[in-house]
1. If I ask for residues that are in a loop (DSSP other than H, G, I, E, B) and in contact with a Phe, Trp or Tyr (Cβ under 8 Å, 6 or more places away or on another chain), which ones from region 71-94 would you list?
2. Tell me, which residue of region 67-85 that is out of contact with any strand residue (DSSP E or B) (no Cβ under 8 Å at 6 or more places or on another chain) and surrounded by fewer than 12 Cβ atoms within 10 Å (Cβ to Cβ) is modelled with the highest pLDDT?
3. From 123, 100, which residue is modelled with pLDDT under 95, of a type in the set (Lys, Arg) and out of contact with any helix residue (DSSP H, G or I) (no Cβ under 6 Å at 6 or more places or on another chain)?
4. Does residue 101 fit the bill of being free of Cβ contacts under 8 Å to residues at least 12 places away in the same chain and either basic (Lys, Arg) or assigned to a loop (DSSP other than H, G, I, E, B) (or both)?
5. Are any residues in region 86-117 crowded, with 18+ Cβ neighbours inside 10 Å and touching an Asp or Glu at 6+ places or on another chain (Cβ under 8 Å), and if so, which ones?
6. Wholly within region 1-66, which strands (runs of 3 or more DSSP E) include no fewer than the required count, namely at least 3 residues that are over 16 Å from the mean Cα position of the chain (by Cα) and at pLDDT below 95?
7. Write out, first by first residue and then by second, each pair whose Cβ atoms fall under 7 Å of each other, whose residues are 6+ apart or on separate chains, and whose first residue, in region 47-67, is closer than 17 Å to residue 77 by Cα while the second is aromatic (Phe, Trp, Tyr).
Amino acid sequence: MPLIFVSFFPDIVSNKVVLFSHCPNCICRLHVHYPPHVSLSLTSGDLVLEGESARFRCAADANPGGGGGARDQLTRSWFVGGERVRGEAGEEMVLEGVDRRLNGREVACEVTNSIGRTRATKRLEVSCESADAAFGDELWKKIW
């Protein structure tokens, strides 16, 4: 069987591409390995009201990225304000009862495969309750 050499620089788009040649029975499928590409979103809305929950979703695309042996698995780690959140390793993380001390803090999701590690971040914006909600109408009547 003749050898055919192909020279090019594969990228993520090249993953699982099938190459054909002029020789019969010569089909090649590329498997491009790459570190995770990560996106982090705040699914509960960009602004979180104090006392409410903030729900984050960490999406990742990688190869290897699961389905194979233990080396092929994606692992996720979550961080708030630079500190690792223990017990959180899934695609979603929920911060319950968010308060104003978390305003401006960076939330990060780090995804690792056997090729590398990538981190995506998002800054948490916490809105404090309005004066009407915090003090009630009676207090405002006394002030005005």
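The values are calculated or read from the model by the stated rules, or taken from the named source; none is laboratory data. Quantities reported herein were computed from a predicted structural model and do not represent experimental measurements. Reconstructed Cβ throughout: ideal geometry from the backbone, glycine too, with neighbour counts over all protein chains shown.
1. In the first step, residues of region 71-94 are kept if they are in a loop (DSSP other than H, G, I, E, B); the result is 73-74, 81-82, 85-91.
Listed by number, the residues that qualify are 85, 88, 89.
2. Looking only at region 67-85, we keep the residues that are out of contact with any strand residue (DSSP E or B) (no Cβ under 8 Å at 6 or more places or on another chain), and these are 67-73, 83.
In the following step, the residues that additionally are surrounded by fewer than 12 Cβ atoms within 10 Å (Cβ to Cβ) were identified as 67-71, 83.
Values: 67: 57, 68: 57, 69: 55, 70: 55, 71: 53, 83: 95.
Among those residues, the one meeting the criterion is 83.
3. On the way: 123 fails: modelled with pLDDT under 95.
Of the residues listed, the single one that is modelled with pLDDT under 95, of a type in the set (Lys, Arg) and out of contact with any helix residue (DSSP H, G or I) (no Cβ under 6 Å at 6 or more places or on another chain) is 100.
4. Values: free of Cβ contacts under 8 Å to residues at least 12 places away in the same chain: yes; either basic (Lys, Arg) or assigned to a loop (DSSP other than H, G, I, E, B) (or both): yes.
So residue 101 passes the test.
5. Listed by number, the residues that qualify are 98, 113.
6. Values: elements: 18-20, 27-29, 34-42, 47-49, 54-63.
In region 1-66, the matching strands (runs of 3 or more DSSP E) lie at 18-20, 27-29, 47-49.
7. 62/34
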